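Derivation of every value follows stated rules applied to the coordinates shown; laboratory data play no part. Bear in mind that the values here come from a model prediction, so they are computed numbers and not experimental data. Neighbour counts run over all protein chains shown; Cβ positions are idealised from the backbone, glycine included.
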Amino acid sequence: MKGQKPGVKRRSGCPLNASVEILGDRWSLLIIRDMMLQGYQSYNQFLESPEGIATNILADRLRQLEKHGIIRTAPDPSDGRKVRYLLTRKGMDLAPVLTEMVLWAAAHEETGNQALVQRMRKDKDGFLAEVRQRWEKEQGEHSR
């Protein structure tokens, strides 16, 4: 299967199942959200997220996201002993999916962050272009 590492066993060949197996818990999605929308790149930044992820869960989800090619690590330019977590192209391709999830939740549930929701509703394509542009800039900064 494309993108599946040798030895990875899935419950079925269903594409939705593969998505759920890789991204099926809230912490993975929230980490990706914080990377896309907040520009988070460090372990400590993820710990400061308002949902309050535990350190052991954060470490595990970062490992899993890296294992699945959603994120990669790069040396921290200010301290070579630390790493930065960066979205890969595969991870960035989740931007439209997360945007649709935000819009779905906002349409059917009481949610906050109405400014973000309104921005997405008003110009979804423009919003996604901005997210991708920030990501491309970030890639350039970390390839030097």
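Exactly one residue out of ALA59, ALA74, ALA54 is within 18 Å of GLY140 (Cβ to Cβ), hydrophobic (A, V, I, L, M, F, W, C) and out of contact with any Asp or Glu (no Cβ under 9 Å at 6 or more places or on another chain), and it is ALA74. With the condition kept exactly as written, say whether any residue in the range 8-20 is touching a residue at least 12 places away in the same chain (Cβ under 8 Å) and either part of a helix (DSSP H, G or I) or under 24 Å from ALA115 (Cβ atoms) (or both). Yes; the residues of the range 8-20 include at least one that is touching a residue at least 12 places away in the same chain (Cβ under 8 Å) and either part of a helix (DSSP H, G or I) or under 24 Å from ALA115 (Cβ atoms) (or both).
For the range 75-93, taking the residues that are closer than 17 Å to MET36 by Cβ and touching a strand residue (DSSP E or B) at 6+ places or on another chain (Cβ under 8 Å), the one that is surrounded by the fewest Cβ atoms within 10 Å (Cβ to Cβ) is identified as THR88. Annotation for the range 87-104: at least one member residue is out of contact with any Asp or Glu (no Cβ under 8 Å at 6 or more places or on another chain), over 19 Å from ALA129 (Cα atoms) and free of Cβ contacts under 8 Å to residues at least 24 places away in the same chain. Could you say which residue among ALA74, ALA95 is within 17 Å of ILE31 (Cβ to Cβ) and under 15 Å from the mean Cα position of the chain (by Cα)? Being within 17 Å of ILE31 (Cβ to Cβ) and under 15 Å from the mean Cα position of the chain (by Cα) holds for just one of ALA74, ALA95, which is ALA95.
Could you list all residues from the range 43-63 that are under 26 Å from GLU100 (Cα atoms) and part of a loop (DSSP other than H, G, I, E, B)? Result: GLU48, SER49, PRO50, GLU51, GLY52, ILE53. Scanning the range 97-138 for residues being β-branched (Val, Ile, Thr), out of contact with any Lys or Arg (no Cβ under 9 Å at 6 or more places or on another chain) and in a helix (DSSP H, G or I) gives a total of 3. Would a scan of the range 25-40 turn up a residue that is more than 16 Å from the chain's Cα centre (by Cα) and either surrounded by fewer than 12 Cβ atoms within 10 Å (Cβ to Cβ) or farther than 26 Å from LYS137 by Cβ (or both)? Within the range 25-40, none of the residues are more than 16 Å from the chain's Cα centre (by Cα) and either surrounded by fewer than 12 Cβ atoms within 10 Å (Cβ to Cβ) or farther than 26 Å from LYS137 by Cβ (or both). A Cβ distance below 9 Å, combined with a sequence gap of six or more or placement on separate chains, defines the contacts here; from the range 113-136, residues that are on the phi > 0 side of the Ramachandran plot reach no residue that is among the aromatic types (Phe, Trp, Tyr) and part of a helix (DSSP H, G or I). From the list SER49, SER78, SER19, SER12, the one residue that fits, being among the small types (Gly, Ala, Ser) and touching a Leu at 6+ places or on another chain (Cβ under 8 Å), is SER49.
Considering only residues in the range 72-86 that are in contact (Cβ under 8 Å) with a residue 40 or more places away in the chain and touching a helix residue (DSSP H, G or I) at 6+ places or on another chain (Cβ under 7 Å), the one that is farthest from LEU47 (Cα to Cα) turns out to be LEU86.
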